[in-house]
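Everything below concerns the one structure shown next.
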Amino acid sequence: MITDTEVKEILSDYISDSKVQEMKLYIQHGCVSTYEHCNNVAQLSYKIDKKLSLHSDLNVLLVGALLHDFYLYDWHNHKKEERLPHGFTHARDACKNAVKYFDLDDRTKRVISCHMWPLTLRSLPKAKEEWIVCLADKCVSLQETLFTRHH
C-alpha cells in the first residue's frame, strides 16, 4: 500500500504496531478500512508536500496523517443519531488514543486534532502539515465515498 521508500521508513514502526493494525477491522468509507484510509491520506499528504515543494517536517506530516483517524471503533455500528457527532468528536478521540499508545510531539497532535476543519470550527489548521493532512483527508474521503462500494 505505502509505495514511497521514504514514507515506509518514517512509518515502519507505526505500521507494524498491533493497535495501528487493529484499524484494519473498522470500515471508514465504502469498503475501505480505517487503516487503508489513513495510509491513503499519508501517501497523498507526502505527494502534495513533494509536488508543491513545501518542505514539511515529514515525521510530523506522515505520523499525523497515519494516526488522524486512530479512534479504534467502527462508527457505522453506532445508532443513526450518534453518527453525526462522530464527525465532531473523532479527531479528539484519535488524538487521545495516539497519545495513549505513542510518544507524540505537540505538532503531530495538532495535525490529528484539526484534520476535521471546517466541521470543527475551533480546530483551525495553522501549520502547513496541518493544512496538508486536512486537505488530503478531504480528497481521499471524497474519492473513497464516491468510488468505493461495500462488497
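The values are calculated or read from the model by the stated rules, or taken from the named source; none is laboratory data. The model shown is predicted, which means the values in this text are computed figures rather than measured ones. We place every Cβ from the backbone using ideal geometry, glycine too, and count neighbours over all the protein chains shown.
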Response to the item:
Given the conditions (1) touching a Ser or Thr at 6+ places or on another chain (Cβ under 7 Å); (2) touching a residue at least 60 places away in the same chain (Cβ under 8 Å); (3) of a type outside the set (Asp, Glu), every one holds for TYR26 apart from (2)
Item to complete: Say whether the condition of being touching a Lys or Arg at 6+ places or on another chain (Cβ under 8 Å), within 22 Å of VAL99 (Cα to Cα) and in a helix (DSSP H, G or I) is met by at least one residue in the range 36-51.
Response: yes
Worksheet item: Just checking, which of VAL99, VAL63, VAL111 is of a type in the set (A, V, I, L, M, F, W, C), more than 29 Å from LYS51 (Cα to Cα) and at pLDDT 95 or above?
Response: VAL99
Worksheet item: crowded, with 22+ Cβ neighbours inside 10 Å and either of a type in the set (Val, Ile, Thr) or over 15 Å from THR108 (Cβ atoms) (or both) - does that describe any residue in the range 8-18?
Response: no
